[in-house]
Amino acid sequence: MPPVATPTVSFSRDRVALGSPVKVTYKFQVAANATFAQDYWVFVHVLNPQGELLWNDDHLPATQTTQWKPGQTVEYTRTVFVPNYPYIGEANVRIGLYSQADGKRLVLSAPEASRREYTVAKLELLWSLGQAMTHL
């Protein structure tokens, strides 16, 4: 099955303090032969290097996938708050498209981590100033 799109994810900052907001830009370059019979959700998993889920940002894309056209670039930005998770350091961002109806995941053009879940970015999580002061 050929990939339906090439995903990229970028952040307004590469280093983000726990508990703070960050703007996330999602971009999908739709494949020339792609068609979508239903609206798929975007799943976003942020994991520590051991693969433990820190948080997710599952959502419907700003333009529903049934409206995506072959060759089109779909891009939108969301603001998310980094949870106060007991972890600081590098985090890996994985993305995919899935059907809420049957759980089916689509093939994307990106490095596959597992089960049609694709690694698209890294982010460094930092203590916030207030948290850093309490841990001195």
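The values are calculated or read from the model by the stated rules, or taken from the named source; none is laboratory data. These numbers were taken from a predicted model, which means no experiment stands behind them. Neighbour counts run over all protein chains shown; Cβ positions are idealised from the backbone, glycine included. Note: accessible area is taken over every heavy atom of the protein model, side chains too, but ligands, DNA and RNA are not part of it. Shrake-Rupley method; radii C 1.70, N 1.55, O 1.52, S 1.80 Å.
Things worth noting here:
- Ala110 part of a strand (DSSP E or B), in contact with a strand residue (DSSP E or B) (Cβ under 9 Å, 6 or more places away or on another chain), at pLDDT 95 or above and small (Gly, Ala, Ser): no
- Qualifying position, being in contact with a strand residue (DSSP E or B) (Cβ under 9 Å, 6 or more places away or on another chain), open to solvent by 30 Å² or more (accessible area, probe 1.4 Å), of a type in the set (S, T, N, Q) and under 24 Å from Asn84 (Cβ atoms), among Ser10, Ser20: Ser10
- Listed by position, the strands (runs of 3 or more DSSP E) contained in region 4-58 that have at least 3 residues being of a type in the set (A, V, I, L, M) are 21-30, 41-47.
- The residue pairs whose first member lies in region 47-62 and is under 21 Å from Asn84 (Cβ atoms) and without any contact (Cβ under 8 Å) to a residue 60 or more places away in the chain, whose second member is loosely packed, with under 12 Cβ neighbours inside 10 Å and aliphatic (A, V, I, L, M), and whose beta carbons are closer than 8 Å, counting only pairs six or more residues apart or on different chains, are Leu47/Leu53.
Conditions (1) modelled with pLDDT of 95 or more; (2) under 27 Å from Ala17 (Cβ atoms); (3) not in a strand (DSSP E or B), marked per residue:
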| residue | (1), (2), (3) |
| --- | --- |
| Tyr76 | yes, yes, no |
| Thr79 | yes, yes, no |
| Pro86 | no, yes, yes |
| Glu90 | yes, yes, no |
| Ala101 | no, no, yes |
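- Taken over region 92-112, residues that are without any contact (Cβ under 8 Å) to a residue 12 or more places away in the chain and under 27 Å from Leu125 (Cα atoms) amount to 2.
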